[in-house]
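Working notes, beginning with the structure itself.
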Amino acid sequence: MTVSFDEITLTMSSTPLTGVGTSSTPQASVPGSATSGKKGLSYNSASLTSLFSGKGISWVYNWAAVADGPILPGADYVAMLWGEKSIDTWSASAAAAISSGTTHVLSFNEPDHAEQANMDPTVAAQTHIDYLNPLADQVSIGSPAITNGGSPMGIQWLENFFSACGAQCKVDFVAFHWYDAASNFAYFEKHVEDVISLAQRQGIEKVWLTEFGASGSEDEVAAFLRQAVDYLDGNPAVERYAYFMCSDGILVDGNAISNPIGEEYVK
């Protein structure tokens, strides 16, 4: 089987789930102390996260502010303000998530992508100030999560966002994505380092790779993951990361972790 990632296909997986955000009480299972480590899961079906029990998963998210079901015990549920269409339910849902143990929140999902949050950097900056800044004394806050698209997308968009913020946006870590061929590890590494450099220019020490995916044969993707996970775990500026995604056909195969891709991710 060949694994491929297409930006249009990803639109469906990265859009908030129907009904998510309508409840103010997340159903996350958050014990007193979360699993330590960087590795996380992005999901649309909370029940699938339980397959990764004992596999070193420290955090999960679903592009929403409500867990939408019991999640992997010991994992930190990270709420997200997906975009402008999620604003109405954000404050109540974020408050409920925080009261249930959430310690980090994510800003907008791919606002530099026309098929995702699709926000002008100036609008995004003001919306971040209005809806994320008020949580600064309760949780750590991520930047909008950018793609690895070329200018004016990607890094250029995020630079424009920070300029529009005028040092007023509360951001504790920079979030970003990467998709390309499994054979292109050099590009992967360069993109991570470029984002780290951007963050450091803003006085931000940590970055989160909240989505990344590689296309190629299963063996090629597994080999890429082996190299990528070693690199991310060894990079002190990378605080957390999550391969796209905890779903059947990628990290999951039916009712089990997929082999070789899922198994390689959690080694």
| remark: Computed from the beta carbon distance with a Förster radius of 22 Å, FRET efficiency for GLN200 and LYS85 to the nearest 0.05 stands at 0.10
| query | What are the extents of the Cα atoms of the chain along their three principal axes, listed from largest to smallest and rounded to whole Å? | reply | 45, 39, 33
| Residue-span extension gain [SER247 to SER183] - 0.36 nm each, minus C-alpha spacing | 20.8 nm
| remark: Asserting the computed 222 nm helical MRE of the chain (DSSP H runs at least 4 long, -39500 (n - 2.57) per run, divided by residue count, to nearest 500) equals -9500 deg cm²/dmol
| task | Grab the beta carbon distance between ASP130 and ASN259, set R0 = 51 Å, and tell me the FRET efficiency rounded to 0.05. | result | 0.65
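If you take the Cα atoms of the stretch 173-241, find Rg, then find the Kirkwood Rh from the mean of 1/r over all pairs, what is Rg/Rh?
Values: Rg = 12.0 Å, Rh = 12.2 Å.
Expressed as Rg/Rh, it is 0.98.
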| field | Relative contact order computed over the chain (Cα-Cα under 8 Å; 6+ residues apart), in percent | value | 19
| Under a plain spin-label model, where a point goes 7 Å from the Cα along Cα-to-Cβ, how far apart in nm are SER151 and SER50? | 5.0
| message | What does the extension gain come out to for ALA167 and ALA92, with contour length at 0.36 nm per residue minus their alpha carbon separation? | response | 24.4 nm
| task | Return a single number: how many Lys pairs in the chain, at a sequence separation of 8 or more or on separate chains, have alpha-carbon atoms below 25 angstrom apart. | result | 17
| field | Gain in span if fully extended, SER36 to GLU218, counting 0.36 nm per residue against the direct Cα distance | value | 62.7 nm
| message | Strictly under 4.7 angstrom between C-beta atoms: which cysteines of the chain have no such partner? | response | CYS246
| note | When all Cα-Cα pair distances of the stretch 64-150 are considered, the percent exceeding 18 Å is 41
| task | Scan the chain and note any complete DSSP helix (H) whose C-alpha atoms cover at least 20 Å along its axis and whose Kyte-Doolittle average is -0.5 or more. | result | 185-201, 218-234
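Bear in mind that the values in this text are calculations on the coordinates, not laboratory data. Please read these numbers as outputs of a predicted model, since none were measured by experiment. FYI the Cβ positions are ideal-geometry reconstructions off the backbone, even for glycines, and counts take in every protein chain you see.
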